[in-house]
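As structure tokens, the structure follows; a few thoughts come after it.
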Amino acid sequence: MVRSLAVFRLAERFLMTLKDLTDPQAVVRAMEECDRVGRSTFLQTHGFGPADEYFLAHKGRFYDSKAIAGAAHLHQTGIPLSNSEFVGGLHGAVPRLRGLGFEIVSQRRGSYVLLWNPTRWEWDETRRQEIRQSIEAGGTGVAPWSTGSRKKDIQVGDRIFLFIVGQSERGLVASGHAASSIYLDQHWAADHDERAPTISVAWDNLLDAKLVLPWGEVQQAVPEFRDSYQGGGIKLDGLQTLSLDALWQGHLDTASVPASQRAATPEIEASYSYVIAKKRNHQKQFRSKLLAFYEPKCDVCGFDQIEILEAAHIVPDSQDGPSTVENGRLLCPNHHRAHDALLFRMDGHHAVWADPSTEFLAPARPAPGTK
Ligand SMILES: [Zn+2]
């Protein structure tokens, strides 16, 4: 009898699949457990690794989707579902969690933390103003930055976060995307002879040092964010990137219009500029989301200069088209204009021109080194 019960248990064990996860409350309990014990302990306890693409978004926080599904199974049925017993991603954990009413977001790329110590290197104020003006006009401002101790791996399109260190206002001061891979350039410290690893960054937000997102807030909201990143060039994984970007966007929504400006202008103008700033901010967020998902190039012509790539809505904003990866495409400014002027529409990732005789592509660029 004992033996047959054991066999029955074993069979039951093998018949368990992700389909048995039907209770959204079990998912909530798994997330609560993760919050309580911390991400790394949670993953270790349940035998999962960090997700590399799909994350569960819940109440402003993000979770590794497969690990949560596995732990939720345990919470609901009392039987663990281990990492090797089911698949994550679009053929497993993702549709199951979506089916239970949860939001899943994808983040294929990580990000990198770069550092700025103003007591050791002064960032030219005029140049910073130029970058801000370019950002305020809705674009990005390009400037090189040292990658610290990192000498490889950063790719065009990777998210970049710049933190101020070494003084009273420590925290996140700027964000952008890598516009080049790493190259060697003159060292930022004048007394250094050797050349330093550097990237070109297309900055999309650059705050005053007074308005930084404090380091302490970042540490509280971003799992496993350390108390220092000496050297710079540290990589954050997808979940850390999502968490930091969400926190940063919330901060920008309140910090993007300086208090001085709000106080000095009549109320109606202030609220107007606030709305504009907010709108631009959402557009930036949308662009960031697309850059985290798609190859950094125009969907129509393949133009790959990330500094001027734009985020286009397939179903326009004005018609309530959502700012999602599915409804978004990266386009060069010419093709973005042409799309908004209804010269073509996107069918998947293919441009269908209203009048094929007006179809245009960007002029081919000569290969580097040729004339
Ligand atoms: Zn194009």
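The values are calculated or read from the model by the stated rules, or taken from the named source; none is laboratory data. Computed from a predicted model, the values in this text were never measured in an experiment. Positions of Cβ are backbone-derived with ideal geometry, glycine not excepted, and every protein chain shown enters the neighbour counts. Just the protein is used for accessible areas: all its heavy atoms, side chains included, with ligands, DNA and RNA removed. Shrake-Rupley method; radii C 1.70, N 1.55, O 1.52, S 1.80 Å.
Ignoring ligands, DNA and RNA, how do PHE344, PHE293 rank by accessible area with a 1.4 Å probe, largest first? Mind showing how you got there, number by number?
Numbers: PHE344 10, PHE293 40 Å².
Ranked list, largest accessible area first: PHE293, PHE344.
Would region 101-256 count as rounded, prolate or oblate if I go by the C-alpha gyration tensor, calling it rounded below 1.5 in a/c and otherwise prolate when a/b exceeds b/c, oblate otherwise? Because its axes are fairly even, with a/c under 1.5, region 101-256 counts as rounded.
Excluding ligands, DNA and RNA, the accessible surface per residue across the chain is 54 Å² with a 1.4 Å probe.
Extending 7 Å from Cα along the Cβ direction at ASN281 and again at THR77 yields two label points whose distance is 4.4 nm.
Each residue, ARG29 and THR119, gets one label point 7 Å from its Cα in the Cβ direction; the gap between the two is 5.1 nm. Sorted on the mean count of surrounding Cβ atoms within 10 Å across their residues, most packed first, peptides 207-216, 233-242 read 233-242, 207-216. Computed 3J(HN,Hα) for region 68-82, one whole-Hz value per residue from the Karplus formula 6.51 cos²θ - 1.76 cosθ + 1.60 where θ = phi - 60°, is 5, 4, x, 5, 5, 4, 5, 4, 7, 9, x, 10, x, 10, 7, glycine and proline marked x. Surface composition of region 89-139: carbon plus sulfur atoms contribute 45% of the solvent-accessible area (1.4 Å probe, protein chains only, all chains present). For the chain, the C-alpha radius of gyration divided by 2.2 N^0.38 Å, with N the number of residues, is 1.14. Cross-link check: pairs LYS210/LYS235; LYS152/LYS289; LYS19/LYS284; LYS235/LYS284 evaluated at a Cα-Cα cut-off of 30 Å; pairs beyond the cut-off: LYS19/LYS284. Site pair ALA209 and ALA57 shows an inter-label distance of 3.4 nm when each label is modelled 7 Å from Cα along Cα→Cβ.
A probe of 1.4 angstrom, applied to the heavy atoms of all protein chains, finds VAL325 with accessible area near 20 square angstrom. Straight-distance candidates among the aspartates and glutamates for linking to LYS297, with alpha-carbon spacing under 14 Å and chain neighbours fewer than 8 residues away dropped: ASP158, GLU307, GLU310. Taking the helices alone, the chain has a mean residue ellipticity at 222 nm of -11000 deg cm²/dmol, built from -39,500 (n - 2.57) per DSSP H run of at least 4 residues and averaged over all its residues.
Which FRET efficiency, nearest 0.05, do LEU343 and GLN220 yield, Cβ-Cβ r, R0 35 Å? My answer for the efficiency is 0.15.
When +1 charges are put on Lys and Arg Cβ atoms and -1 charges on Asp and Glu Cβ atoms, the dipole computed for region 294-371 relative to its Cα centre reaches about 360 debye. For region 294-371, carbon and sulfur atoms together expose 54% of the accessible surface, with a 1.4 angstrom probe and every protein chain in place. The orientation-averaged projection of the convex hull spanning the C-alpha atoms of region 294-371 amounts to 6.0 square nanometres.
What does the extension gain come out to for PHE360 and THR45, with contour length at 0.36 nm per residue minus their alpha carbon separation?
Extra length from PHE360 to THR45 when fully extended: 107.9 nm.
Note on region 2-106: the C-alpha convex hull projects to 6.7 nm² when averaged across all orientations.
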